[in-house]
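Report on the following structure.
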Amino acid sequence: MSMKKVMAILMIVCIMVSMTACGKTGENKAKNTAAVTETPAATETPAATDDSSKPDTTATAPGDIYGGLTALPDAGDPITFTMFVRDPGTVPSKDNPVLKKITELTGVTIDFEFLVGDLDSKVGVMIAGEDYPDAIFADNAKFTDAGAFIPLEDKLKDYPNLNDHYSPYADKMTAADGHQYILELYGARKNAAPIFNNTGSGFFIQKAVLEEAGYPIPKTLDEYFKLIEDYKTKHPDIDGVKTVGFEVLSDGWRDFCLRNPAQHLMGAGNDGDVYVDLNNYTASLYQISDTAKAYYKKLNDEYQKGIIEAETFTESYDQYISRISTGAVLGFFDQQWDFASGENVLKNDGKYNRTYVSVPITNPGVKDGYLDAPNNTITGNNGLGITIKCKNPERLLKFYDWLLQPSVQNYLQWGEEGKDYTLTADGGKVLTAERRAINNDTAKKRDLTGDTLWQYTPKLQGLYDDGTPCGPGDSKDEYLASQSDYDKQFLAAYNIQYPAQLMSDPVERPTYYPVWSMTIPDGSDAKVANTKMVDICRKYYPQLVLCNPSDYDKLWNEFLKEIENGNVQPYLDEVNKQIAKAMGK
């Protein structure tokens, strides 16, 4: 036996012995001291069961400091995988205690590279030079078309947790060429958790605005902006910072905040670049609708009143977040995950009245459709791909499989019992005040918890089969416990438990949904048509908001003419073809 293997075995034994010392009772000790066998991935199973081949889909029994984590057989053989992420961000500290523990138990380190600059340029350079990291989470259609990803369908069956996690979605994951390339990162859940907030698209407004107005529920653009106008008039500055009425994020791919609102005013969900008539499942352009014309005219009116500032269209994403974090921005259209880092600053500063809530803004008389009912499905391409340059795909898949154990997910999301969370009388979990404060601090959450690794790897979400929550964001107990005194009073004023209850009930979406997740091949007539249409919208929408009101109709007609000349029909034809296929027509 080689010295390398001897050292690896000794390390595993040491880790197992140290973890055994943390066990409390027979079941937990049995988990910790179980022999580590040479399998494709270490799969946690309940103690004393005859069905040991099936992955465990219940929450880990409490008690162990690390929840019964067991080391992988090759933990003593270190390896670093590189991963490119489409989002701007900061790499976690090398002293991150959770990531260090994960590396200790697996031998694996993930070296994240976050986006700097323009995504399209970065993707283009990577593809042109075939300069790929081991894994990628970005613009998957382009990388798939370029042959950058390895097929996974024959590999996943060798990894029980991955196979159990993704096999229900095989059809959604299968590309046009019959292969599966993407491991979906969000939405692959067996049991849905309650919806506490509108985490998707919506018109958000500062709680202080609603409070001062007597807690109304605005439902139209006129009602929404009247509240903002009145508040800004009374409060021209907030904490010494000039009050901003309404922000319109227009930076890069995040310009959905500029381009997408009209479809939601029409009562639709987030389909991306089209409006789908659910009576006949036919797609059309909402961008040129009467609703769109009226929306940008309303923004023009608000610009003339000083509610919108011209620089909103040239701000970077970081500048946008910085503005939100001041507490001086009253409203915007966005998705909660996109502005959460700015809002977390406000929470950390105790400025809960300056945080935001989504309100059901639509055309008059139209029922809002902002909330998606959990439908136990995925988009099929919103995830990571393992590239042809990956140094050891099997080792990386084994790592992902290990991460999908409930014990590991518990450690990544909740932390350590007693230190990071406590148990409720009925077996639920709530974070400690100290851990909650860390989660509300973007830098501390990144550097002290497993959040970054959890975000960009396969994950468990929703509820386990025993009804307990996978993470704090899925927990009713944690949601209620985390509410500030201000938020409790705010919700009580509306006689609701959760902010999402300000919206209409979640909508059951059709099988095709959402259109934005459809793969449109690069270089195809449909892709060219879609790109041209989006570019025209990006060109004209800011102009429409900032123009002299007397020029609005003329400029709108110029916009319509350019859209017509751009010939968007190939894109609509492709979307309609894919909708029909998904709907079985």
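What the table shows:
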read-out	value
Any hit, the stretch 501-522, residues being at pLDDT below 95, surrounded by fewer than 14 Cβ atoms within 10 Å (Cβ to Cβ), part of a helix (DSSP H, G or I) and not polar (S, T, N, Q)	no
Meets criteria (open to solvent by 20 Å² or more (accessible area, probe 1.4 Å), aliphatic (A, V, I, L, M) and in contact (Cβ under 8 Å) with a residue 40 or more places away in the chain) for Leu460	yes
Residues within the stretch 169-188 that are outside any helix (DSSP H, G or I), of a type in the set (A, V, I, L, M, F, W, C) and crowded, with 22+ Cβ neighbours inside 10 Å, tallied	3
Residue that is nearest to Leu403 (Cα to Cα), among those in the stretch 110-121 that are in contact (Cβ under 8 Å) with a residue 24 or more places away in the chain and open to solvent by 50 Å² or more (accessible area, probe 1.4 Å)	Asp111
Of the criteria (1) in contact (Cβ under 8 Å) with a residue 40 or more places away in the chain; (2) farther than 27 Å from Val515 by Cβ; (3) open to solvent by 30 Å² or more (accessible area, probe 1.4 Å); (4) not hydrophobic (A, V, I, L, M, F, W, C), which one Asn410 fails	(3)
Subset tally (residues that are farther than 30 Å from Glu315 by Cβ and buried (at least 17 other Cβ atoms within 10 Å of the Cβ)) for the stretch 78-100	5
So Ser201, is it more than 27 Å from Thr80 (Cβ to Cβ), touching a Phe, Trp or Tyr at 6+ places or on another chain (Cβ under 8 Å) and hydroxyl-bearing (Ser, Thr, Tyr)	yes
Residue in the stretch 228-251 that is within 26 Å of the chain's Cα centre (by Cα) and of a type in the set (D, E, K, R) present	yes
Residues satisfying the stated conditions in the stretch 450-470, i.e. within 14 Å of the chain's Cα centre (by Cα) and either assigned to a loop (DSSP other than H, G, I, E, B) or within 19 Å of Thr199 (Cα to Cα) (or both)	Asp451, Thr452, Trp454, Gln455, Tyr456, Thr457, Pro458, Lys459, Leu460, Gln461, Gly462
Hits in the stretch 75-107 (condition: part of a loop (DSSP other than H, G, I, E, B), out of contact with any Pro (no Cβ under 6 Å at 6 or more places or on another chain) and either at pLDDT 95 or above or farther than 27 Å from Ile136 by Cβ (or both))	Ala75, Gly76, Asp77, Pro78, Thr90, Val91, Pro92, Ser93, Lys94, Asp95, Asn96
Qualifying positions in the stretch 135-168 - closer than 22 Å to Val408 by Cα, part of a loop (DSSP other than H, G, I, E, B) and in contact (Cβ under 8 Å) with a residue 12 or more places away in the chain	Asp158, Tyr159
Any chance Asn410 is touching a strand residue (DSSP E or B) at 6+ places or on another chain (Cβ under 7 Å) and of a type in the set (S, T, N, Q)	no
Sole exception among (1) surrounded by fewer than 19 Cβ atoms within 10 Å (Cβ to Cβ); (2) within 23 Å of the chain's Cα centre (by Cα); (3) of a type outside the set (Phe, Trp, Tyr) for Asp447, by number	(1)
In the stretch 212-234, the residues that are assigned to a helix (DSSP H, G or I) and of a type outside the set (A, V, I, L, M, F, W, C)	Glu212, Asp222, Glu223, Tyr224, Lys226, Glu229, Asp230, Tyr231, Lys232, Thr233, Lys234
Test result for Asp477, outside any loop (DSSP other than H, G, I, E, B), in contact with a Ser or Thr (Cβ under 7 Å, 6 or more places away or on another chain) and either more than 30 Å from Ala135 (Cα to Cα) or polar (S, T, N, Q) (or both)	yes
Filtered residue count, the stretch 70-104, keeping only those that are more than 18 Å from Asp134 (Cα to Cα) and within 27 Å of the chain's Cα centre (by Cα)	14
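The values are calculated or read from the model by the stated rules, or taken from the named source; none is laboratory data. This one's a predicted model, so the numbers in the text were calculated from it and none came from an experiment. A quick note on method: Cβ atoms are made from the backbone with ideal geometry, for glycine too, and the neighbour counts reach across all protein chains shown. The area values use the complete protein model at the heavy-atom level, side chains included, leaving out ligands, DNA and RNA. Shrake-Rupley method; radii C 1.70, N 1.55, O 1.52, S 1.80 Å.
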